[in-house]
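Enquirer: The structure that follows is given in the form of structure tokens.
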Amino acid sequence: MGEKETLASYDRTAPRYAELQWATRLVRQMHEFERSLAGNRICDLGCGPGRDVEWQTERGHDVIGVDLSVGMLAEARRRVPAASLVVGDATALPLATASVDGVWSCSVFVHLDRVETAEGLGEVARVLRPGGAFYLGLERGDAPEWRDDSDGGRRRFHFWQPDALATAVEAAGFGVTDQYVEQVDRFAFLTTHALKRPT
């Protein structure tokens, strides 16, 4: 039920969400991610309305945006009409094995429980080439919670502490290269940079 309600919220609020998201770009984080890339092919996992797809494309990268929300993808197609966009679940990515050089995932895993997170991390490891870069952004915290959206719906959020997240990422076959917490208003954003280890 949590996933369906969260997805319905994103579908319904996509235009308003896009307006808010476009106001803030994670430029520093994207530059750090870009410096880790060994190639040009990127998956923007949970691309939403296409904000980061646009930036990455403008930087000359070959980007495919993946999102489970058709409402968000409709906004992405409107705002970035030349983008390559597909409907997809983080736990079953519609990409070939070892087909991308980087996976950028901002605020997607925050909607996955622990079992789903392990599945999603496994999928990221599958689609990345050895040495591929992985950016993972979510929130620091403990107990899951529901948050109301602007139109009467709500979304389910799951949180992590840094050590536990690093352990989960490493168990999926990554080496964590950097991890930090940034406090923004009442939210503590937890960012992890990792590289897929050669098998």
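The values are calculated or read from the model by the stated rules, or taken from the named source; none is laboratory data. Not measured: the values here are computed from a predicted model. Ideal geometry is used to build each Cβ from the backbone, glycine not excepted, and the neighbour counts take in all protein chains shown. Keep in mind that these areas ignore ligands, DNA and RNA; they rest on the heavy atoms of the full protein, side chains included. Shrake-Rupley method; radii C 1.70, N 1.55, O 1.52, S 1.80 Å.
Enquirer: Given the conditions (1) open to solvent by 40 Å² or more (accessible area, probe 1.4 Å); (2) touching a residue at least 24 places away in the same chain (Cβ under 8 Å); (3) not charged (D, E, K, R), which single one is not true for G60?
Expert: Exception for G60: condition (2).
Enquirer: List the pairs whose first member sits in the range 89-102 and is of a type in the set (D, E) and in a strand (DSSP E or B), whose second member is at pLDDT 95 or above and open to solvent by less than 20 Å² (accessible area, probe 1.4 Å), and whose Cβ atoms are under 9 Å apart, counting only residues at least 6 apart or on separate chains?
Expert: Taking only residues 6 or more apart or on different chains, the pairs are D89/V66; D89/G120; D101/I42; D101/L128; D101/G132; D101/A133.
Enquirer: Moving on to the next point. Go through G46, G50, G132 for me and flag whichever is in contact with a Lys or Arg (Cβ under 8 Å, 6 or more places away or on another chain), open to solvent by less than 30 Å² (accessible area, probe 1.4 Å) and touching a residue at least 60 places away in the same chain (Cβ under 8 Å).
Expert: G132
Enquirer: Shifting gears a bit: Can you name the residue in the range 155-193 that is assigned to a strand (DSSP E or B) and of a type in the set (S, T, N, Q) and, of all such residues, is surrounded by the most Cβ atoms within 10 Å (Cβ to Cβ)?
Expert: Per the stated criteria, the residue is T192.
Enquirer: Out of the residues in the range 65-84 that are surrounded by fewer than 24 Cβ atoms within 10 Å (Cβ to Cβ) and hydrophobic (A, V, I, L, M, F, W, C), which is farthest from E5 (Cα to Cα)?
Expert: A82
Enquirer: Before we move on, is L121 in a helix (DSSP H, G or I), in contact with a helix residue (DSSP H, G or I) (Cβ under 7 Å, 6 or more places away or on another chain) and surrounded by 14 or more Cβ atoms within 10 Å (Cβ to Cβ)?
Expert: Taking the combined requirement at face value, the residue satisfies it.
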